[in-house]
Amino acid sequence: QRRKMLEQRRKEVISLISRNALNPQTNTPHPEKRIEIAIIEAKVQIDPSRTAQEQMPDIIKEIKKLIPISLEKMEIAVRIPAIHAGKASAVLHKFEIKKEEWQKDGSIVVVLEMTPGSKMDLFNELNHLTKGDFESKMLEKKL
C-alpha cells in the first residue's frame with residue numbers, strides 16, 4: 001500500500017513539474033519522461049505524506065543541477081469572435097484572468113496569466129470549441 005501511495009505521489013509530482021516548468025533554452029515544457037529520469041538520476045526522495053505542491057520547490061532545486069529548468073508564468077492575450085464568445089467564456093474562466101474586455105462587435109478580448117504547460121490545454125479547448133476561429137498573442141513572461 002505504501003509503495004502504491006509513493007508511486008501515485010511520484011506521478012503527481014512529475015506531472016505538476018511538467019505543467020509548470022519549462023526548458024529556458026527552448027521555451028517549451030519538459031516532457032514528463034525527462035523529469036522522471038532527472039528525479040531518478042538526482043536520487044530525489046519523494047515523501048508520500050506531503051503534497052506534490054509542497055515538494056515541488058525542493059525537487060526542482062535538485063533536478064536543476066541536471067537539466068535546465070525554470071518556473072515562469074506567461075501572459076497571453078486571446079480574442080474570440082462574437083459567435084463563440086459566450087461558450088468560450090466558460091473555458092477562459094478556468095484560467096487566471098488578468099483583464100477581460102467585451103468589444104462592441106460582441107467579441108471578447110482576455111489577457112490570461114498561465115504556465116507554459118497549461119497554454120496547450122487552453123489552445124486545445126479553444127480549438128475544439130471555435131474550430132480554430134480565435135486569435136492569440138504572447139505578451140510577456142514573468143519569473
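The values are calculated or read from the model by the stated rules, or taken from the named source; none is laboratory data. Quantities reported herein were computed from a predicted structural model and do not represent experimental measurements. Methodologically, a virtual Cβ is constructed for each residue, glycine included, from the backbone with ideal geometry; neighbour enumeration extends over all protein chains shown. Heavy atoms of the whole protein, side chains included, go into the accessibility calculation; ligands, DNA and RNA do not. Shrake-Rupley method; radii C 1.70, N 1.55, O 1.52, S 1.80 Å.
Quick notes on this structure:
- Given (1) in contact (Cβ under 8 Å) with a residue 24 or more places away in the chain; (2) surrounded by 18 or more Cβ atoms within 10 Å (Cβ to Cβ); (3) within 26 Å of Val110 (Cβ to Cβ), number of the condition Ala85 does not satisfy: (1)
- Candidate set: the stretch 93-143, residues that are open to solvent by less than 60 Å² (accessible area, probe 1.4 Å) and without any contact (Cβ under 8 Å) to a residue 24 or more places away in the chain; chosen: the one nearest to His30 (Cα to Cα): Phe123
- Residues considered: Phe134, Phe123. Of these, the only one that is within 25 Å of Ala21 (Cα to Cα) and either touching a His at 6+ places or on another chain (Cβ under 9 Å) or modelled with pLDDT of 85 or more (or both) is Phe123.
- Any chance Gln25 is closer than 20 Å to Asp121 by Cβ, within 19 Å of the chain's Cα centre (by Cα), surrounded by fewer than 16 Cβ atoms within 10 Å (Cβ to Cβ) and polar (S, T, N, Q): no
- Sole exception among (1) without any contact (Cβ under 8 Å) to a residue 40 or more places away in the chain; (2) surrounded by 12 or more Cβ atoms within 10 Å (Cβ to Cβ) for Leu16, by number: (1)
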